[in-house]
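The structure appears right after this line, and notes come after that.
Every number in this text was worked out from the coordinates using simple rules, so none of it is lab data. As the structure is a prediction and not an experimental result, all values here were calculated from the model. Neighbour counts are summed over all protein chains in view; Cβ atoms, including those assigned to glycine, are modelled from backbone coordinates with ideal geometry.
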């Protein structure tokens, strides 16, 4: 069987969640499957060393301009030219017209639910992306032979929204990359601290402009914590200075700026050290379909604060401190307890190690390969 996999953004330098999921899936399929042939379709970009061809894995680079043209025009032509038997599209969207069995991974359907999260806020790029997904996803979900999603929570939403028969939507959990682990080398930690000019002690937040990340309430919670406790810096990844100032002004907390350290984009290979150095990892999102960063932090021995909504309780289980993301005081209390209650802190760390160990990319690849095989029946 010749399997086509869409990996349009895998070669871009600044990879994010769905890109890393696709990359880890393909890398583990390479290790696992020596029988089938694979063709990986990618748009040319700077990081072309992140994935290598092997005996049964071919990389086809397709030049193109904007995403819809690449996906709707260039990809179907290339799939046909390569003689693929099936196609897997990895990042929510897919060609509307394709004449072979197709699986599509729908990570979430926030953009279809009419929520404020998908209507307001976010960058222009994010808003345009949501417009394209609103047009594309209902069509490809209907046409696809299989829909893959990443949690039971998201499967329930997809089932309810589309009303598909239950066996069309399969849950395949994401994994945790092997380099996320406890780091004993003080030299390595010291180098990363210096590279990003990190404070001696800090709270870590993966903030960005996506409204679902709950940045405003996190900042309100941080302010509430500082008003009652000794100051500790908040480190925010991948957040711009102007965006931060605008949000602080909007919520009436401009004085917080002096307590916040912006790192810019952090490459994935540096993230384990950041987790290791942080005192607490904040992940109180309003909505997530899975939540890989929670497991990454757990694997590194960092206590996690996350939300009581969507997939987060399912993935975190009892290994994180659960809060109400709509209430800054709830988040603030979680910060206080994990910084000051050593028994609770150690308990969460140990449970976190165990929980993270239950997720692997090899398992993701094995379950995905079974779905590929089912498409040819």
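Structure notes:
- Put simply, the Cα atoms of segment 186-356 extend 40, 38, 31 Å along their principal axes, the longest span coming first.
- Taking the three principal axes of the alpha carbon atoms in segment 40-193, the coordinate ranges are 53, 41, 34 Å, sorted in descending order.
- Packing-based exposure ordering (other Cβ within 10 Å, fewest first) of 151, 326, 360: 326, 360, 151
- Value at 222 nm in deg cm²/dmol, rounded to 500, when DSSP H runs of n ≥ 4 in the chain each add -39,500 (n - 2.57): -12500 deg cm²/dmol
- P(r) of the chain over all Cα-Cα pairs, binned every 20 Å from zero, in whole percent: 28, 57, 15, 0
- Dimensions in Å of segment 1-85 - Rg and Dmax from alpha carbons: 12.3, 34
- From least to most packed, judged by other beta carbons within 10 angstrom and beginning with the fewest, 96, 137 follow the order 96, 137.
- Neighbour-count ranking [beta-carbon atoms within 10 angstrom, fewest first] of 70, 361, 135: 135, 70, 361
- Cα convex hull volume per residue for segment 299-377 (Å³): 92 Å³
- For the options 322, 183, 110, a Gaussian network treatment of the chain with springs between C-alpha atoms closer than 10 Å singles out 183 as fluctuating the most.
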